[in-house]
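A short write-up of the structure that comes next.
The values are calculated or read from the model by the stated rules, or taken from the named source; none is laboratory data. Keep in mind it's a predicted model, so treat the numbers as computed, not measured. Ideal geometry is used to build each Cβ from the backbone, glycine not excepted, and the neighbour counts take in all protein chains shown. Note: areas computed on protein heavy atoms with side chains; ligands, DNA, RNA excluded. Shrake-Rupley method; radii C 1.70, N 1.55, O 1.52, S 1.80 Å.
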Amino acid sequence: MSAQQPPILDHEVTIRNYLQLLARYERLMEISRQLNSTLDLGTLLNRIIKAAVELTDTESASIMLIDPRTGELRFEAALKMSPGAMEALVVPMEGSLAGWVVTHGEPVLVEDTHNEPRWFKNVDDTTGSSTRNLLGVPMIAHSKTIGVVEALNKRNNAPWTEDDVNTLTTLAAQAAIAIENARLFQQSDFISEMVHELRTPLAALKASASLLMRPDLPEHRRKQIVQTMESETDRLTRMTTDFLDLARLESGRTRLETSVFNLNELLLESVDVVRNQAADRHVTISISCDPTLQLEADRGKIKQVLLNLLTNGIKYNKEQGAIFITVTPPNGQDGMVRVEVRDTGRGISPENQKHMFEKFYRVADTAGYTQGTGLGLVIAKRIVEAHGGEMGMESELGVGTAFHFTVPAAPAD
Ligand code: ADP
């Protein structure tokens, strides 16, 4: 007979559990200190999922955040998911566990996903992974739910415990505050960039004003200086409008005023606005659009997108160039119309293309001879995305550039 193990006394179990728990909380404190040491959102999100996996002893974890612009729930970080797959997936508020966690503001523990009607299977289908069980907790910052952290598949099929729920809930609360701080930091970054951008026209105005005070100034110089002052003031006005537009779009304070309207009419109207500007450079504009096509969108905002693309198509075109607007009606289930604005301009190098939708980015050699804020395309893209559409571009140096975007068609009836 083998030697009998001494029986484990109840209080020993309790002490062992207690020590384990203590170690877990110490680790949690350490992690939350680490979370607060970065203001970079990407780094932060990765640290959170790694911490979630470690603390709950699971195989994987993911974070979904509510997009402040569209209100949609989207994957922001996941251990086993490519950025492309994450971007393509919108998690429905109804018919998903994460959506349930957001709307109820409570954790959800699912021991067997296959017997759970709220389980949103699409994620596994897209990623090729297999989720057996999961724990989802809300991320709440300043009494507002901003997203969900999910820990997936307990290692070795161990049972979930109450401690798992408590630990992940505490982690999610710390993480939510850290995410809010990182977002605020991003905004303050925008403000400092903005102030920096305002300095240039302000300096030009100040210099012009000093020059005008000189008594010996010939009349023709005086006129030139006044013209500079006028155009710098225009630039300041455009910048402030752009800043405000973008700040509103980014903070999610922009409400879309959606209506059903005719796209071809809107195109004609937009071309009319830029007609003189195009004539000055002898640029022709042609439209190819089904005249019956109706959109369901914010008409004013889509006009803003079109005007931005058209003015760029004129500004960065060659003399006597052309612009072609081509509209493709919806061809699939998604019900999106594709609008393309193609020009015969100077084109954009592959290196510059990478930065095209970044705030304040202007191709160096265009910055000198045309006016702009470097915000127009960012604003256009945000508007398109707020409609659930996408914006992209193709370009070839010396040949031209085509910007395209998608926007919802009006339902058939
Ligand atoms: P802005 O025109 O006010 O500078 P945008 O965000 O609209 O700002 O455009 C950013 C930059 O992209 C421009 O400064 C220009 O260098 C480049 N760009 C935009 N559209 C075109 C185009 N159609 N052809 C060539 N370059 C373009």
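Just a few scattered comments:
- Here Leu377 passes the criteria (1) within 12 Å of the ligand (Cβ to nearest atom); (2) open to solvent by 30 Å² or more (accessible area, probe 1.4 Å); (3) modelled with pLDDT of 95 or more except the one numbered (2).
- Cross-chain or 6+ apart pairs with Cβ under 9 Å, the stretch 306-317 first and under 14 Å from Gly347 (Cβ atoms) and open to solvent by 40 Å² or more (accessible area, probe 1.4 Å), then part of a loop (DSSP other than H, G, I, E, B) and more than 6 Å from the ligand (Cβ to nearest atom): Lys315/Arg281; Lys315/Thr370; Lys315/Gln371; Tyr316/Gly347; Tyr316/Thr370
- Verdict on Leu28 being at pLDDT 85 or above and either open to solvent by 80 Å² or more (accessible area, probe 1.4 Å) or within 23 Å of Asn181 (Cα to Cα) (or both): yes
- Of all the criteria given as (1) of a type in the set (Lys, Arg); (2) open to solvent by less than 70 Å² (accessible area, probe 1.4 Å); (3) more than 15 Å from Gln174 (Cβ to Cβ), the one not satisfied by Arg118 is (2).
- The residues listed here are Val337, Val363, Val399, Val341; of these, the one that is open to solvent by less than 50 Å² (accessible area, probe 1.4 Å) and either within 17 Å of the chain's Cα centre (by Cα) or over 24 Å from Lys301 (Cβ atoms) (or both) is Val363.
- The set of residues from the stretch 386-413 being under 20 Å from Glu72 (Cβ atoms) and either touching a His at 6+ places or on another chain (Cβ under 7 Å) or within 15 Å of the ligand (Cβ to nearest atom) (or both) comprises Met391, Gly392, Phe405, Val407, Pro408.
- Any hit, the stretch 349-365, residues being near the ligand (Cβ under 9 Å from one of its atoms), at pLDDT below 95 and within 21 Å of Asn276 (Cα to Cα): no
- Selected residue [over 26 Å from Tyr18 (Cβ atoms) and part of a helix (DSSP H, G or I)] from Val148, Val165, Val123: Val123
- Taken as a whole, the condition of being under 27 Å from the mean Cα position of the chain (by Cα), in a helix (DSSP H, G or I) and either modelled with pLDDT of 90 or more or closer than 24 Å to Pro92 by Cβ (or both) applies to Ala175.
- Per the listing Gly332, Gly321, Gly372, the residue uniquely closer than 26 Å to Met239 by Cβ, open to solvent by less than 50 Å² (accessible area, probe 1.4 Å) and not aromatic (Phe, Trp, Tyr) is Gly372.
- Those strands (runs of 3 or more DSSP E) lying entirely in the stretch 215-298 with at least 1 residues within 29 Å of Thr344 (Cα to Cα), touching a residue at least 60 places away in the same chain (Cβ under 8 Å) and within 32 Å of the chain's Cα centre (by Cα): 294-298
- Selection of the stretch 228-243 for residues being within 21 Å of Ser192 (Cβ to Cβ) and of a type in the set (A, V, I, L, M) yields Leu236, Met239.
Per-residue answers, yes or no, for (1) aliphatic (A, V, I, L, M); (2) within 30 Å of Thr56 (Cα to Cα):
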{"site": "Asp164", "(1), (2)": "no, yes"}
{"site": "Ala173", "(1), (2)": "yes, yes"}
{"site": "Gln187", "(1), (2)": "no, no"}
{"site": "Pro201", "(1), (2)": "no, no"}
{"site": "Pro218", "(1), (2)": "no, no"}
{"site": "Arg222", "(1), (2)": "no, no"}
